[in-house]
1. What do you get for GluC sites (Glu not before Pro) in segment 1-105 restricted to DSSP loop and a cutoff of at most 13 other Cβ within 10 Å of the site's Cβ?
2. ³J(HN,Hα) across segment 79-85 via Karplus (A = 6.51, B = -1.76, C = 1.60, θ = phi - 60°), whole Hz, x for Gly/Pro?
3. Given N residues in the chain, what is its alpha carbon radius of gyration divided by 2.2 N^0.38 Å?
4. Of Leu77, Leu33, Leu13, which has the largest mean-square fluctuation in a 10 Å C-alpha GNM of the chain?
5. Compute a Gaussian network model of the chain, connecting alpha carbons closer than 10 Å, and tell me which residue from Ala17, Ala34, Ala114 fluctuates the most.
6. For the chain, what is the calculated [θ] at 222 nm in deg cm²/dmol (nearest 500), taking -39500 (n - 2.57) for each run of four or more DSSP H residues and dividing by its residue count?
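Values in this text are rule-based calculations from the coordinates and carry no lab data. Predicted model, so just to flag it, every value in this text is computed and none were measured. Cβ: placed from backbone, ideal geometry, glycine included. Neighbour counts: every protein chain shown.
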Amino acid sequence: MIADIYPLVLSLLFNCALVVLCMACHEAGHILLARVHRVSVKKIGMRWMGMYIQRERTVGWPEVSICIAGAATNLALAIAFWDVNSWFALCNLTFAWVNLLPIPHSDGSHALEALRAMYQRASA
């Protein structure tokens, strides 16, 4: 009876590790593009909602691209792993679209704010 639980527990631990890997890859995407644009990353951490970074803000397309870099990384991983590990691929796909939603404090809302600021500067 107890031996039947081990595969279930191992599977659960493995899937939890894959979720953490999805989050780490997402934040790595932000960090990589921040470095490309020479934007300082001040802090990397973990909260109850997951991993996060604190960085300097910039303006224009660099800001937009850094905001969506995490979701783009997750989307690329979803495509790359679709035939290898569908659960990991679906996890990445979910991370990508949820982070692009324009809800408060999401990457999507930050990107939308940056786009609005660009539009306002252009029309002024």
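1. Details: sites: Glu27, Glu56, Glu63; in loops: Glu56.
Those that pass, being in a loop and sparsely packed, are Glu56.
2. Going residue by residue, I get 5, 5, 9, 4, 8, 8, 8 Hz, with x marking Gly and Pro.
3. Details: Rg = 17.2 Å, N = 124, 2.2 N^0.38 = 13.7 Å.
So the chain has a normalised radius of gyration of 1.25.
4. So, out of Leu77, Leu33, Leu13, the one fluctuating most is Leu13.
5. Among Ala17, Ala34, Ala114, the largest GNM mean-square fluctuation belongs to Ala17.
6. Working: 4 runs with 89 residues, N = 124.
Computed ellipticity for the chain at 222 nm equals -25000 deg cm²/dmol.
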